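What follows is calculated from the coordinates using simple rules that are stated; it is not laboratory data. Please read these numbers as outputs of a predicted model, since none were measured by experiment. So basically every Cβ, Gly included, is an ideal-geometry build from the backbone, and we count neighbours across all protein chains shown.
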Amino acid sequence: MIYSRIIGSGSYLPRNVVTNDDLARRMDTSDEWIRSRTGIRQRHIAEAGETASSLALEASKAAIASAGIAAGDIDLIIVATSTPDYIFPSTACLLQAKLGIKGGAAFDLQAVCSGFVYALATADLYIRAGQNRCALVVGAEVFSRILDWNDRGTCVLFGDGAGAVVLRADDKPGIMASALHADGSHAGILSVPGSVCGGKVTGDPFLRMDGPAVFKFAVRVLDEVARETLAKCGQRIEDVDWLIPHQANLRILESTAKRLGLPHEKLIVTVDRHGNTSAASVPLALDLAIRDGRIKPGHKVMLQGVGGGFTWGAVLVQM
Ligand code: UT7
């Protein structure tokens with residue numbers, strides 16, 4: 001039986017840190033409002049020359065180094081992003097070239113804030129099917145480029161960054177179970193409803209969100225999908241060592257842990273320092289907690305995504 005295991009992780013944040021007070025100097029908001037509603041204290045914002053592929057490259061180099069493999073061992077790259085460098089080629093192909101490798105499969109996966117969880121579950125299935133042996137799975141975003149900086153209800157929430165893992169075939173799991181879902185009838189509550197046509201933007205190129213509707217939806221589905229994923233592999237909530245939900249809002253994270261009956265100490269939180277980095281948030285949090293020694297070999301980690309589409313999903317991983 002072939003399984004897949006995470007053998008390395010890495011992440012990267014742009015150097016430019018923007019605090020709530022920095023935002024309060026530019027718009028009608030306050031550190032107190034942002035902190036109390038979201039838990040966010042600061043976010044990293046990409047400089048003009050930084051793109052999803054350049055952030056992905058730094059995260060990938062760190063993941064490859066920690067996995068102790070050569071870049072040439074990678075035969076599948078999946079980049080989860082909603083803010084690609086170009087319409088095409090994919091950010092995954094650009095990343096492949098930047099890594100100096102060629103020949104393996106490379107594609108982008110677009111499931112907004114669930115993107116990394118979707119990509120990890122997809123790479124696991126490719127490996128289990130025997131199609132590939134060593135996958136680089138990345139979440140990379142520059143959401144700062146699609147924010148309306150005049151809309152205080154959304155622009156204070158997001159940040160830029162990238163996280164990556166190396167997933168390799170193994171005779172032991174690894175990825176224990178996954179569950180992915182979508183309901184396109186909720187497309188309107190979180191979207192960037194624009195496109196490019198004839199050299200011009202059509203529709204609206206900025207992120208629009210019904211915050212309270214997203215909040216309610218997220219709390220419900222994160223609870224359901226965690227239970228579904230555990231049931232698929234015969235695990236109980238008490239077996240989970242760490243919970244890493246998509247880092248959108250501290251109140252969503254805390255409600256999810258509470259609904260699941262998991263103590264606060266098992267929750268990994270990075271939203272305070274990173275803001276919501278969409279598809280990058282889960283691998284950024286995973287890498288941080290591996291590197292600071294909280295997540296150890298053998299630990300079971302529940303990764304969860306929820307975002308535009310609407311999409312949601314979870315992956316239970318044994319490290
Ligand atoms: O990846 C998934 C993406 N997104 C999410 O997960 C976000 C989910 N939703 C949320 O996190 C919350 O709904 C928000 C943080 C976005 C908003 O919190 P809320 O408690 O639902 O506030 P609200 O939208 O109901 O707004 C309350 C008030 C409004 O003023 P009035 O109409 O009550 O006078 C807003 O105009 O807060 C005002 N407001 C702000 N005030 C200061 C909205 N944004 C700001 C701001 N600073 N940045």
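Per-residue Karplus couplings for the range 206-216, computed as 6.51 cos²θ - 1.76 cosθ + 1.60 with θ equal to phi - 60°, are listed in order as 10, 5, 10, 8, 9, x, x, 5, 5, 4, 4 Hz, Gly and Pro entered as x. In summary, the convex hull built on the alpha carbon positions of the chain has an orientation-averaged projected area of 15.6 nm².
Arrange the following residues from fewest to most other Cβ atoms within 10 Å of their Cβ: Glu224, Glu141.
Ranked by crowding around the Cβ, least crowded first: Glu224, Glu141.
Counted by Cβ distance under 15 Å from Gly211, the other residues give a net charge of +2, where Lys and Arg count +1 and Asp and Glu count -1. Only Cα sites of the range 137-260 enter the Debye sum here, all with the same form factor; the resulting log10 I(q)/I(0) across q = 0.22 1/Å is -1.44, listed in q order. Extension gain, Glu228 to Arg37, is 65.9 nm, computed as 0.36 nm per intervening residue step minus the present C-alpha separation. Under the classification rounded if a/c is under 1.5, otherwise prolate if a/b is larger than b/c and oblate if not, where does the range 176-318 fall, given a ≥ b ≥ c as square roots of the Cα gyration tensor eigenvalues? Here the range 176-318 falls in the prolate category. Under 1.5 on a/c is rounded, so check that first for the range 3-172, then, if it is not, pick prolate when a/b is larger than b/c and oblate when it is not; a ≥ b ≥ c are the square roots of the alpha carbon gyration tensor eigenvalues. Prolate shape, in that a/c is at least 1.5 and a/b is the bigger ratio. In plain terms, the residue of Phe310, Phe116, Phe107, Phe215 with the fewest other Cβ atoms within 10 Å comes first and the most crowded comes last, giving Phe107, Phe215, Phe310, Phe116. Each residue of the range 243-253 was assigned a 3J(HN,Hα) from its phi angle through the Karplus expression (A = 6.51, B = -1.76, C = 1.60, θ = phi - 60°), giving 10, 10, x, 3, 8, 9, 6, 4, 5, 5, 4 Hz with x at Gly and Pro. In loop segments of the range 1-90 as defined by DSSP, the GluC sites (Glu not before Pro) with at most 13 further C-beta atoms inside 10 Å of their C-beta are Glu47. Residue by residue, the range 17-25 carries 3J(HN,Hα) couplings of 9, 10, 8, 4, 5, 4, 5, 5, 6 Hz when phi is fed to the Karplus relation 6.51 cos²θ - 1.76 cosθ + 1.60 (θ = phi - 60°); x denotes Gly or Pro. When you filter the trypsin sites (Lys or Arg not before Pro) in the range 23-119 for DSSP loop state and at most 10 other Cβ atoms inside 10 Å of their Cβ, you are left with Lys102. Among Thr270, Thr277, sorting on how many other beta-carbon atoms sit within 10 Å of each Cβ, with the fewest leading, yields Thr270, Thr277.
Which of the lysines could a cross-linker span from Lys98 if the Cα-Cα distance has to be under 26 Å and same-chain partners fewer than 8 positions apart are dropped? Within the straight-line cut-off, Lys98 pairs with Lys61. Label reach from Asp210 (point 7 Å along Cα→C-beta): in the range 66-91, no amide nitrogen lies under 16 Å. Here the extension length gained between Ile87 and Val17 equals 22.4 nm, from 0.36 nm per residue of separation less the Cα-Cα distance.
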